[in-house]
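Okay, structure first, notes after.
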Amino acid sequence: MKLRESHIEQMDDKVFDVLVVGGGINGAVSCASLSTKGASVALVDKGDFASLTSQESSNLVWGGIKYLEGMEFGLVRKLCHSRNLLISHYPSTVREIRFFVTLKKNFRLGRVFLYLGTLFYWLMGSFFTRPPRLLSNRIINRDEGQVQTEECAGGVEYSDAYLLDNDARFVFNFIKRAIASGAKVANYVESLGSTRGKDGIWSTEVKDLLSGRTFTIRSKALINACGPLADRYNEMSNIATGHQHLFSKGIHLLVEKITDSKRVLSFFADDGRLFFVIPMGSRSCLGTTDTRVDELPPFVTEEDRSFVLDNINKRLRLKKKLTRDDIIAERCGVRPLVVEPNGNKDVSEGDWSSLSRKHALEIDRAKKQLCIFGGKLTDCINVGDEVADAIVDLGIPLRYKNKKWYGEPSRQEKKRFLKKAQSLQLDSMTDPSASEPLSERYWRRYGMDAFEMLDEIEKDASKAEILLKGTEYTRCEIEYIAQREMVSKLEDFLRRRSKIALLVRRTEIENAQGLQETGQMLFGEQSQDKINEYFAS
């Protein structure tokens, strides 16, 4: 029996301590934290894990320097602390990166004032990163010659962090940790609403969207981690809350690499909004927008594309102007912004940018129910810890309350892995055009499970060959993903377990050598149907 089906079978024959509805970053860290600390936990998502907001970020892990302008010092301090934890505990995945900010002449914030702000930001982050730097036009021309300086008033450079892989992969690794700790999880299982019985047990009717089967999951406590859909779920389950969401749409465009810079190039758009050129391997990620929307899911408009392309074309010296035809892939998601109890949901456009990006937990102790509002990828450690504390407060004991639930394996284990990889001469098998050695990639993505891949390669060296041409995915990786990572649709693999769909045009994927064999590994006899389904969408 496949892993997903095995977990589903075990969901309707017991009462769990906690059911988590939603498998984005908030749900994933809640599940990982609680299961590691000893709770029995189930998690369901009506789509794939991280298939909504959590796959549409900038791939940045940042302390929120722009929130200083709104004097949200507590939020910035908290985010910086979480950023520092992620850098420390995920050294293979979360890396410090420099942000290179340039200002137009007569900008509302002066260069020196902005520099003082970055120094204060550095202080708020406990001096954990490299210190900021004040930039003159001469320094900008020397260090980042592609940046237009004709209308420039200098700038600043400071540090935050970014993800080497994609955001959805980062989220899924929390799901993997939860599974390893005994949690039962399933994607493509839709919750049809939850009710609390007289015995104090929550009953949540769910439907397996792949088989059509419906069943009930029972739990002592219920966590709504539906992200932007949290309000809808509360309404469907007749749960009243004080907090609510408003939505800000952010889009990113992926294009061929337009600069060799290893920094994030940051600018203020014509309307004052911050946007970036973010390095992503052989591609550049351009964005983002900040537009209020009311309908979900959001979509990219021609106005969005024009906004990003026009602003980048004005601010970089490019060999040729970027056009719509240069776009390889697009990302589009919403930031769920929290409206406090008694807050004004009818926020005017002028007040839009002042809304806080913090998260909030609303807890109903009598009913043993909590809802997570807002949240950011950077804030995930804080969310996981707060949820664990809240569950204890609801009267559900955690046997290992102080057990650490996040972080990659120890340096000693990595050293042991690299030693074995070296004995197999693994890195000599790396494709010359690859962005990094196989050993580094295997360890970052799969942790201790990467030892199994070395065992497979030791038996058969062909397992280290690239299977899907035009990507960096080897045979043993795809075999592992097929067995362990609950891939139910081709998009799950191309967009979330990997970032292939962000880096390679759809037509190139469709014609790639090895696609049929990849499909066979992932889906067996359903392979062609799954491939057709993806390219028809």
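The values are calculated or read from the model by the stated rules, or taken from the named source; none is laboratory data. What you are looking at is a predicted structure, and each value in this text was computed from that prediction instead of being measured. When we count neighbours, we look across all protein chains shown, and the Cβ atoms used for this are built from the backbone with ideal geometry, even at glycine.
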Residue in the range 408-420 that is surrounded by the most Cβ atoms within 10 Å (Cβ to Cβ), counting only those that are in contact with a helix residue (DSSP H, G or I) (Cβ under 9 Å, 6 or more places away or on another chain) and in a loop (DSSP other than H, G, I, E, B): Glu408
Ser51 is checked against (1) surrounded by fewer than 17 Cβ atoms within 10 Å (Cβ to Cβ); (2) in a loop (DSSP other than H, G, I, E, B) and fails just one. What number does that condition carry? (1)
Quick check: is even one residue across the range 464-473 of a type in the set (A, V, I, L, M, F, W, C) and in a helix (DSSP H, G or I)? yes
Given the conditions (1) within 30 Å of Glu413 (Cα to Cα); (2) assigned to a helix (DSSP H, G or I); (3) out of contact with any Cys (no Cβ under 9 Å at 6 or more places or on another chain), which single one is not true for Lys66? (1)
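Each row is one residue, and each column tells you yes or no for (1) among the aliphatic types (A, V, I, L, M); (2) in a strand (DSSP E or B); (3) surrounded by fewer than 18 Cβ atoms within 10 Å (Cβ to Cβ); (4) in contact (Cβ under 8 Å) with a residue 60 or more places away in the chain.
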site: His245; (1), (2), (3), (4): no, yes, no, yes
site: Leu253; (1), (2), (3), (4): yes, yes, no, yes
site: Lys262; (1), (2), (3), (4): no, no, yes, yes
site: Ser266; (1), (2), (3), (4): no, yes, no, yes
site: Gly272; (1), (2), (3), (4): no, no, yes, yes
site: Val277; (1), (2), (3), (4): yes, yes, no, no
site: Leu286; (1), (2), (3), (4): yes, yes, no, no
With (1) free of Cβ contacts under 8 Å to residues at least 40 places away in the same chain; (2) under 18 Å from Ile223 (Cα atoms); (3) β-branched (Val, Ile, Thr) as the list, and Ile391 as the residue in question, which single condition is left unmet? (1)
Subset of the range 225-243, residues more than 14 Å from Val334 (Cβ to Cβ), of a type in the set (A, V, I, L, M, F, W, C) and in a helix (DSSP H, G or I), comes to Met236
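This table checks each residue for (1) outside the structural domain of Ala178 (by TED's automatic domain parsing); (2) outside any helix (DSSP H, G or I); (3) under 16 Å from the mean Cα position of the chain (by Cα); (4) closer than 24 Å to Ile179 by Cβ.
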site	(1), (2), (3), (4)
Ala366	no, yes, no, no
Leu370	no, yes, no, yes
Ile381	no, no, yes, yes
Val387	no, no, no, yes
Tyr400	yes, yes, no, yes
Lys403	yes, yes, no, yes
Tyr406	yes, yes, yes, yes
Residues (crowded, with 19+ Cβ neighbours inside 10 Å and in a helix (DSSP H, G or I)) located in the range 312-342: Ile312, Arg315
Say we look at the range 161-193 and pick out the residues that are within 18 Å of the chain's Cα centre (by Cα) and aromatic (Phe, Trp, Tyr); which of these is farthest from Tyr446 (Cα to Cα)? Tyr162
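Condition check ((1) in contact (Cβ under 8 Å) with a residue 40 or more places away in the chain; (2) more than 22 Å from Leu253 (Cα to Cα); (3) more than 23 Å from the chain's Cα centre (by Cα); (4) surrounded by 18 or more Cβ atoms within 10 Å (Cβ to Cβ)) across all residues:
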| residue | (1), (2), (3), (4) |
| --- | --- |
| Ala39 | yes, yes, yes, yes |
| Asp45 | yes, yes, no, yes |
| Glu56 | yes, no, no, yes |
| Leu75 | yes, yes, no, yes |
| Asn84 | yes, yes, no, yes |
| Ile87 | yes, yes, no, yes |
| Tyr90 | yes, yes, no, yes |
| Ile97 | yes, no, no, yes |
Failed criterion for Leu119 (all others in (1) in contact (Cβ under 8 Å) with a residue 60 or more places away in the chain; (2) part of a helix (DSSP H, G or I) hold): (1)
